[in-house]
1. Excluding Ala19 itself, what net charge comes from residues whose Cβ is under 11 Å from its Cβ, given Lys and Arg +1 and Asp and Glu -1?
2. Along the Cα→Cβ direction, 7 angstrom out, place labels at Gln116 and Thr14. What is the inter-label distance in nm?
3. Quickly work out the Arg27-to-Lys148 label distance, labels modelled 7 Å from Cα along the C-beta direction, and quote it in nm with one decimal.
4. Antiparallel DSSP bridges in the stretch 3-149: what percent, to the nearest 5?
5. Taking the Cα centre of the chain as origin, sum charge times position over the Cβ atoms of Lys and Arg (+1) and Asp and Glu (-1), and report the length of that vector in debye to the nearest 20.
6. List the pair-distance distribution P(r) of the stretch 6-79, using every Cα-Cα distance, as the percent of pairs falling in each 5 Å bin from 0 up to the bin containing the longest distance, rounded to whole percents.
7. Hey, could you grab the Kirkwood Rh for the stretch 3-149? Inverse mean 1/r over distinct alpha carbon pairs, Å, one decimal.
8. What net charge is computed for the residues neighbouring Val89, neighbours being all others with C-beta under 12 Å from the C-beta of Val89, Lys and Arg scored +1, Asp and Glu -1?
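Rule-based calculations on the coordinates, nothing more; no lab input. Quantities reported herein were computed from a predicted structural model and do not represent experimental measurements. Backbone-built Cβ (ideal geometry, glycine too); neighbour counts: all protein chains shown.
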Amino acid sequence: MAKVYIPVGTVSGTAKAVADACAVALRVEGHEPCVDAEASVDALNSGDWDAVLVVTATTGRGDVPSNLMHFYTALEEQRPALNSRTFGVISLGDSSYDMTFCQAGALMEARLSELQGQAPVPRVTIDATETQTPDDDALFWLKEWMEKAL
Ligand SMILES: Cc1cc2nc3c(=O)[nH]c(=O)nc-3n(C[C@H](O)[C@H](O)[C@H](O)COP(=O)(O)O)c2cc1C
């Protein structure tokens, strides 16, 4: 059993729905997920988590959604040591934003790597122009992530 912290960045709810679907799948496998749409470094530090799974949309021009921005900046300011804890990133976007496609997920992945987190599976990008079923795409990726990360 692994405790998995799931920070979510969302504007219109798709990433939250994807995170909730991942939480259900994790529970089915006996893990203990916690989806957090107001993620904080305090919660990250206090939860005794085995792994972190970020699920984020991209907004603006390649920006992290505002509900995840506090977590993103606090990671840089407070620099909590991840001490080789595993993490994963599910990144939602739209490839018509070609210069900034899924950039928020890339930013989160880079920041967690800087803090010595380990990503056994590279982040997945889910393109709104290509799929009507982001949950299914995420769950396909999650299966491999669970095998390697937990
Ligand atoms: C105003 C706005 C700006 C966006 N900017 C980007 C972007 O820069 N890069 C990208 O890949 N997707 C961008 N998107 C697409 C969203 O990331 C994508 O639709 C995502 O699935 C939305 O998830 P959410 O419902 O959780 O907010 C943008 C969407 C909107 C509405």
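1. Counting the neighbours of Ala19, the net charge comes to -2.
2. 3.7 nm
3. Between Lys148 and Arg27, the label points sit 2.7 nm apart.
4. Roughly 5 percent of the beta bridges in the stretch 3-149 run antiparallel, per DSSP.
5. 240 debye
6. Calculated P(r), rounded to whole percents: 3, 17, 26, 24, 17, 9, 3, 0.
7. 14.8 Å
8. On the way: positive: Arg111, Arg123; negative: Glu109.
Cβ neighbours under 12 Å give a net charge of +1.
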